[in-house]
Amino acid sequence: MCGLIGIMDTSGRCFSGHDIVVGISNMEERGNGLGAGFAVYGCYPQYADCYAFHVMYTRPDSRSQVEAFLREHFTWVHAEEVPHQPVTDLPNPPLIWRYFLQLPDSAHLSFQTKGRVPFDEAECVVDRVMRVNTAGLGAYIYSSGKDVGVFKGVGHPQQIAEYFGLEEYSGYLWTAHTRFPTNTPGWWGGAHPFGLLNWTVVHNGEISSYGTNRRYLEMMGYHCTMQTDTEVIAYAADFLMRRQGLPVEIAVRVMAAPLWDEIARMDPEEQALMRALRQVYGPLLINGPFTVIIARQGEMIGLTDRIRLRPLTAAIHGDRLYLASEEAPIRLICPQPERVWTPVGGEPIIGRLGESPREEAVWCVESSLYTCVS
Amino acid sequence: MRDGRWEIDANGMHYRALNARLREAVENGAECIVLRNVCGQRYIGANLHRPVEIHIYGTPGNDLAAFMDGPRIIVYGNAQDACGNTMNGGEVVIHGRAGDVTGYSIRGGKIFVRDDVGYRVGIHIKEYQEQRPFIVIGGTAQHFLGEYMAGGVLVVLGLTLRPGECHTATYIGTGMHGGVIYLRGKVADYQLGREVASVPLEDGDWALLRQLVQEFAAHFNRDAEEILAAPFTKLVPLSSRPYGRLYAY
């Protein structure tokens, strides 16, 4: 089942975690206490130019090894244990530290670009995140963007929010998730959101194409270590939109590709593009029922599978865009939104910093498709 | 409570507590129950088997009127997903929109929605002898309307469409093997599932439509004659067992 919600203030005004906690807690029946989490953008203004690594140590003795690795490969700006309440009724919380790091000027000397020239800073960071996560140390870097933080664990949303004191944080974009795990274990690393660089993903559904997606992404240097299908969406987003440079409107056509009979009714140019996307990026088609909220700095994207087997409601009020599994949590935060609607399957709802949120965002897809073709 | 009229403030109340209060009210002879500040509570109206009127202010949660048998629910707001799930009798009137799978497996009673509805509305609705369910949608529907429909009547009026705008739902009546769908306006062949056909309306169809549209118009203060003046499309299943030969060689 699972429940999710995202709130973005497109004017960039920051707000505390209060609203998102109220919203996600309203969907109690969508989770069962085996995972909850939050992502917040704009939460580390004092370290905005640093990579903020949140690292989960399931074996505390591995911290010295990981820190030695981080010291070797990054400029160490600041580090601390992620503040949390002394409670708790949460079972076995792991040790969680955060590190504010920069890449040293010499990074390009130690990083093999594997034929990719010139040196790419993001590639270097991805490589190092993957090295830690696959080292078998029981240490996982699950948040690695700039000015963004993921806070998650095993518990109900309210418990996780209290544990990390999220009312103390503030940001212009928040996403949240309550988990009802069905196929994979409920452990701290398996809670949503999943993050890599600036990307975070919360997801409701199950990805039947996980094996195909995972194998393809492994060839591209992404390694799945969190034991949960959602992880591939975070890496697919990074691969398609950052590394391949595809606009959001195109990337969603890869992940939620239109059905073939729909493609057959498109005009020839659009058909050619859709066929090309399916040929080139076929292994990144996300099959099975899903609703996701994908976020990065300055952008929030809501998307469902092409036949909408999982729910998503969108609403706009002033500068704020709301996305949620249900309408009630949105109304609890914002009783009378200017507009509430249910997006069609496979059509992205996109909120962007500096642009007033609008429902018609979906119709801009067509014009951007042609920009991409030409 | 006064003269059989109960008021319940649902603010912050869990659905179990709210539904327990509802059952208590009905057992104590309530005739009209007003629920205020409803926000996401599920299963409202479930397990109530007596005629009683329930007025809901706010946003009721999923599975509104699930398994309901007799009450009449009026929602002043929007309903979420699976409204009327396996409902057996009674009536739901929604002064707003409703979500996916509205009327999921409904087997009796009536649902009226003023505005639009989501995906798979009327999925597997069915009828048996005297039991015949009716769903009337004032706006338009998203895809897979009437999927696996086995009986009953589904009416989509398209009143939220702009002049000249058509229904956009596709896969209408996929797997349909009973009942009838009436759509105000036209749909292209590609919008229909493989298991349905469009046929001309007969006198009996118009009589049924007139009755349902008049009820709809009375609920939402619309002009029935104006609604009925437009052309309708009637969709019926091609077979009562569309998959009967699927695995037969």
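Tabulated values for the structure
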| item | result |
| --- | --- |
| Euclidean distance of C-alpha centroids, region B:150-179 and region A:255-307, integer Å | 26 Å |
| Nonlocal Lys pairs with alpha-carbon distance under 20 Å, the protein assembly as shown (8 or more apart, or different chains) | 4 |
| Rounded to 10°, Cα long-axis angle of helix B:203-220 versus longest principal axis of chain B | 30 degrees |
| Loop-located GluC sites (Glu not before Pro) in region B:75-148 whose Cβ has at most 15 other Cβ within 10 Å (DSSP) | B:Glu130 |
| Amide proton proximity set for B:Val92, modelled H, under 5 Å, gap of 5+ | B:Ile73, B:Lys110, B:Ile111, B:Phe112 |
| Equivalent ellipsoid semi-axes - Cα gyration tensor, the protein assembly as shown, angstrom | 46, 29, 20 |
| Net charge over other residues, Cβ less than 10 angstrom from the Cβ of B:Phe232 (K, R count +1; D, E count -1) | +2 |
| Degrees between helix B:15-27 axis and first principal axis of chain B (Cα, 0 to 90, nearest 10) | 80 degrees |
| 12 Å beta-carbon shell around A:Leu312, net charge (K/R +1, D/E -1) | -4 |
| Formal net charge of residues neighbouring A:Gly351 (Cβ-Cβ distance under 10 Å; K, R +1; D, E -1) | -1 |
| Cα-centred dipole magnitude for the protein assembly as shown, charges only on beta-carbon of K, R (+1) and D, E (-1), debye, nearest 20 | 980 debye |
| CD proxy at 222 nm, helix term only [per DSSP H run n ≥ 4: -39500 (n - 2.57); per residue of chain A; nearest 500] | -8000 deg cm²/dmol |
| For A:Ser143, distant residues with modelled amide H under 5 Å away | A:His54 |
| Student exercise, region B:101-249 dipole from Lys, Arg, Asp, Glu Cβ charges, in Debye to nearest 20 | 440 debye |
| For A:307-315, mean number of other protein chain Cβ atoms within 10 Å | 4 |
| Of the trypsin sites (Lys or Arg not before Pro) in region B:64-126, those whose Cβ has at most 16 other Cβ within 10 Å and which sit in DSSP loop | none |
| For A:321-332, mean number of other protein chain Cβ atoms within 10 Å | 5 |
| Per DSSP, loop trypsin sites (Lys or Arg not before Pro) in region B:189-249 with at most 12 further Cβ within 10 Å | B:Arg194, B:Arg245 |
| Calculated on alpha-carbon atoms, Rg and Dmax of region B:68-126 in Å | 10.0, 27 |
| Table column - 3J(HN,Hα) (Hz), region B:84-90, Karplus curve with 6.51, -1.76, 1.60, x for Gly and Pro | x, 3, 6, 5, 9, x, x |
| Shape box of region A:126-191 [Cα atoms, principal axes, largest first, Å] | 34, 32, 17 |
| Cβ charges +1 (Lys, Arg) and -1 (Asp, Glu), total dipole of region B:1-78, debye | 120 debye |
| Most mobile of A:Leu197, A:Leu240, A:Leu90 in a GNM of chain A (Cα contacts under 10 Å) | A:Leu90 |
| Average other protein chain Cβ within 10 Å of Cβ, residues A:30-40 | 0 |
| Which of A:Ser106, A:Ile141, A:Ile160, positive extreme of dipole for region A:86-172 (C-beta unit charges) | A:Ser106 |
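Where a number appears in this text, it was derived from the coordinates with a stated rule and is not lab data. Since the structure is predicted, the reported quantities are computational estimates derived from the model, not experimental observations. Virtual Cβ from ideal backbone geometry, glycine too; neighbours counted across all protein chains shown.
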